[in-house]
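Following: one structure in structure tokens, then a few remarks.
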Amino acid sequence: MTKPTIDIYSKFTCPFCVRAKRLLSSKGVEYKEHDITMGGAKRDEMLSRAPQARTVPQIFIGDVHVGGSDELAALNASGKLDALLEG
């Protein structure tokens, strides 16, 4: 089974983004980071994938919109993050 692609939309100096990236790195997974500090096409892409999103990070594992740093940490605490990362 192929592992899902992980996308994280972030902004420069965002402590919540750092926390989320640190957690993902601790799991040994690779992710694609999209910096939307200055807006642009990647911000538009994020909003098309999660229209209600107004904060960063916004994390997607495959087609699943995880949400932000707190939601990612909650998935990890509940033991559900590893299965999601495996696909």
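The values are calculated or read from the model by the stated rules, or taken from the named source; none is laboratory data. Please read all numbers here as calculations on a predicted model, not as lab measurements. Here the Cβ is made from the backbone with ideal geometry for all residues, glycine too, and neighbour counts use every protein chain on show. Side chains are part of the model used for accessible areas, which takes the heavy atoms of the whole protein and leaves out ligands, DNA and RNA. Shrake-Rupley method; radii C 1.70, N 1.55, O 1.52, S 1.80 Å.
With respect to (1) in contact with a strand residue (DSSP E or B) (Cβ under 6 Å, 6 or more places away or on another chain); (2) open to solvent by 60 Å² or more (accessible area, probe 1.4 Å); (3) not in a helix (DSSP H, G or I); (4) not polar (S, T, N, Q), the lone exception for M38 is condition (1).
Answer yes or no: is there a residue in segment 51-60 that is touching a strand residue (DSSP E or B) at 6+ places or on another chain (Cβ under 7 Å), assigned to a loop (DSSP other than H, G, I, E, B) and not acidic (D, E). The answer is yes, given that some residue of segment 51-60 is touching a strand residue (DSSP E or B) at 6+ places or on another chain (Cβ under 7 Å), assigned to a loop (DSSP other than H, G, I, E, B) and not acidic (D, E).
Looking across segment 73-84, just one residue is in a loop (DSSP other than H, G, I, E, B) and open to solvent by 80 Å² or more (accessible area, probe 1.4 Å), and that is K80.
All of R54, R43 fail the test of being over 13 Å from the mean Cα position of the chain (by Cα) and buried (at least 18 other Cβ atoms within 10 Å of the Cβ), apart from R43.
Of all residues in segment 63-72, which are surrounded by fewer than 14 Cβ atoms within 10 Å (Cβ to Cβ) and outside any helix (DSSP H, G or I)? Within segment 63-72, D63, V64 qualify.
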